[in-house]
Structures are given as C-alpha cells and as structure tokens.
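Asker: Before I ask anything, let me first share the structure, which is written out below as structure tokens.
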Amino acid sequence: MTDRTLRVPVRTLPAVGLLAAGCAAAAGMPAAHAAPSAPSARAVQAVQASQAVPDAAARAARPRIGKVIATIRIKRMHLRIKVREGVSERVLSKGVGHYPRTAPPGRLGNTVLLGHRTTWLHPFGKLDRLRRGDRIVLKAHHRTYVYRVRGTHIIRPGDRRALEPVPFKPGKAPNGEYVTLISCTPKGSDRRRIVVVGKLGK
C-alpha cells in the first residue's frame, strides 16, 4: 500500500484494486499493487453513517501497520495464524493482513482480510474449500468472534463491492458484523479474486 493511500481520510475506503496484494502471479511472485481510485459516493455515505467516533479519536485508535490485531482460525482449512494491520507485501509475507479502515474484528461493518494462496505462508491456499455454515473464528482483545460463511464470490480485480460495509451491497448501511476473506483465483494466477463472506453469529 502506498503512502498516498494511507493518507486517505478515515471515512473513505481505498479501492479494491489493492486486492492484488493477496495474490500470486503465474510465475509464483506476488502481484504488484494497483493504483488506488476513489470509492463510490454511496459507499462513503454508508461508512460515514456507521462512524460514531470523531476523526481524531479514530486516528488515535487505529493500529500501526504491521501490528498483530487478531488471530484467525478456520478448521476446514486447518488454519490458525496471526492477523496484522495492513496489506503491504511485508505484512502479507507474515500471514494475513487486515485492510485498513475496514471494521475491526467483531465490530459493526465489514472486516476485510487478505492472504496469499501460493506464496510466503500462503494462509488462504485452501480458501476455495470453505462451505456455507463453516466457522471463521477471530480472536481479538481477549474476545472470540465466530462468523459463519454465507457465500463465495469470484470477481474481477477492479470490483470494489467486497469492501462495502455490507459486502456486495453498495450503499447499504451496516446491518451486522461481517468478515470478508480475499485472495486470488485460480491458484498461481491473479486474473480473478475469490471472496468468502461470513457474518457474526448471535
């Protein structure tokens, strides 16, 4: 992620073009980051509606890039790994990255997580095995959040809908706590993105 992207105001989301950060190119090397572009006006409005804290407080509470913010566990994938803030190549080389300015684990909105499928620790190598109802467990701040898989999507690299406060529902105000896992598909290619969406159980 570039410095310019990091300076985007807190109430806007960077573009989904950076999903390339979670991919491996055909040659087995990580794909380059795409240039960011502005999110839709409706997406910005939805995020603004869900933000109750002032900008200054939000900035102060934002974790630094590279900091461990959670642990993710998915039984079907035999996965247990740390989640760090950010989606730079350095962060993703160590495991799973949290897309900045998306919801923190367990909070209202959409917690977006990226991971490689074939390079480095390839935490999302088995992402395509997840099925509806599977558990995605995030542990953060001494609390455990259990999400249930609701569906899988295959999208183009420039499709921003996975970053919406309600995934794939542009402009809709948050109505629950979601987690969105993103990587590339097919394995060894960055032509498409595989997106798995879960929702926190009550």
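The values are calculated or read from the model by the stated rules, or taken from the named source; none is laboratory data. These numbers come from a predicted model, not from an experiment. Don't worry about glycine lacking a Cβ; one is built from the backbone with ideal geometry, like all the others, and counts go over all protein chains shown.
Asker: Do we have D134 as farther than 19 Å from L92 by Cα and not aliphatic (A, V, I, L, M) here?
Answerer: Taking the combined requirement at face value, the residue satisfies it.
Asker: On to the next question. Hey, among the residues in the range 128-149 that are of a type outside the set (A, V, I, L, M) and crowded, with 16+ Cβ neighbours inside 10 Å, which one's nearest to V96 (Cα to Cα)?
Answerer: Only one residue tops the list, namely K139.
Asker: Might you let me know whether the range 67-83 holds any residue that is of a type in the set (D, E, K, R), modelled with pLDDT of 95 or more and touching a helix residue (DSSP H, G or I) at 6+ places or on another chain (Cβ under 9 Å)?
Answerer: Yes; the residues of the range 67-83 include at least one that is of a type in the set (D, E, K, R), modelled with pLDDT of 95 or more and touching a helix residue (DSSP H, G or I) at 6+ places or on another chain (Cβ under 9 Å).
Asker: State which residue is farthest from G115 (Cα to Cα) when the search covers only the range 141-195 and only residues that are in a strand (DSSP E or B) and in contact with a Pro (Cβ under 7 Å, 6 or more places away or on another chain).
Answerer: Y145
Asker: Restricting attention to the range 86-107, report how many residues are assigned to a loop (DSSP other than H, G, I, E, B) and within 14 Å of the chain's Cα centre (by Cα).
Answerer: Qualifying residue count, the range 86-107: 13.
Asker: Looking at the range 161-198 only, could you name the residues that are of a type in the set (K, R) and surrounded by fewer than 19 Cβ atoms within 10 Å (Cβ to Cβ)?
Answerer: The answer is R161, K169, K172, K187, R191, R192.
Asker: From the residues in the range 192-202 that are at pLDDT 95 or above and not small (G, A, S), which one is farthest from I155 (Cα to Cα)?
Answerer: The residue in question is L200.
Asker: If you take the residues in the range 64-85 that are touching a Gly at 6+ places or on another chain (Cβ under 9 Å), of a type outside the set (K, R) and assigned to a loop (DSSP other than H, G, I, E, B), which one is surrounded by the most Cβ atoms within 10 Å (Cβ to Cβ)?
Answerer: I65
Asker: Next question, about the same structure. Just one of the numbered conditions (1) surrounded by fewer than 19 Cβ atoms within 10 Å (Cβ to Cβ); (2) not in a strand (DSSP E or B) is not true of P123; which one?
Answerer: Failed condition: (1).
Asker: Filter the range 94-119 for residues that are of a type in the set (V, I, T) and over 16 Å from I136 (Cβ atoms) and give the result.
Answerer: Within the range 94-119, T118, T119 meet the criteria.
Asker: Right, next: For the range 99-119, check the following and say yes or no: at least one residue is of a type in the set (V, I, T), without any contact (Cβ under 8 Å) to a residue 40 or more places away in the chain and buried (at least 19 other Cβ atoms within 10 Å of the Cβ).
Answerer: Scanning the range 99-119, I find no residue that is of a type in the set (V, I, T), without any contact (Cβ under 8 Å) to a residue 40 or more places away in the chain and buried (at least 19 other Cβ atoms within 10 Å of the Cβ), so the answer is no.
Asker: Return the total of residues in the range 106-135 being under 18 Å from Y147 (Cα atoms) and polar (S, T, N, Q).
Answerer: 2
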